[in-house]
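Here's the structure, in structure tokens; my notes come after.
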Amino acid sequence: MVTGLLPRSVPQGIPATITVNGSGFEANSVVIYNGAARPTTFINSTTLQVSLTAADLQNFSGQISVNNLGPGGSSTTPTELVIAATAPTILSVSPSSIAVNTSSKCRF
């Protein structure tokens, strides 16, 4: 069972490592992100870590679940990972200056 994700929210398009907390994890447990297995590190029976790529994090939400492989294996109910849009960055402004009390159009 998954009880929480740390962090719960990540920036869009930036690789991230997510800690998955829960119970009943095994050394061969695999984190499933949006239906696909992802590289998983077993910490202990209550903690896993998963590495997500920039490509994984292009949407605005994702579903994380855990599969315990082997005989009698099980899957957890998916838990939502929130993907936050990144703020735009202004790289330049043109023109770089204008005279006071004049009209001008700026391009960003």
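The values are calculated or read from the model by the stated rules, or taken from the named source; none is laboratory data. What you see is a predicted model; the values in this text were computed from it and never measured. All Cβ positions, glycine included, derive from the backbone under ideal geometry; neighbour counts span all protein chains shown.
Cβ-Cβ distances below 8 Å connect the following pairs, each with a first residue in segment 78-98 that is acidic (D, E), a second residue that is modelled with pLDDT under 95, and a separation of six or more residues or different chains: E80/S61; E80/G62. Is it the case that some residue within segment 35-48 is over 18 Å from T3 (Cα atoms), outside any loop (DSSP other than H, G, I, E, B) and touching a strand residue (DSSP E or B) at 6+ places or on another chain (Cβ under 7 Å)? There is at least one residue in segment 35-48 that is over 18 Å from T3 (Cα atoms), outside any loop (DSSP other than H, G, I, E, B) and touching a strand residue (DSSP E or B) at 6+ places or on another chain (Cβ under 7 Å). Of these, V31, V66, which one is modelled with pLDDT of 95 or more, in contact with a Lys or Arg (Cβ under 6 Å, 6 or more places away or on another chain) and not polar (S, T, N, Q)? None of the others qualify; the one that does is V31.
Scanning segment 29-37 turns up one or more residues that are small (G, A, S), without any contact (Cβ under 8 Å) to a residue 40 or more places away in the chain and loosely packed, with under 10 Cβ neighbours inside 10 Å.
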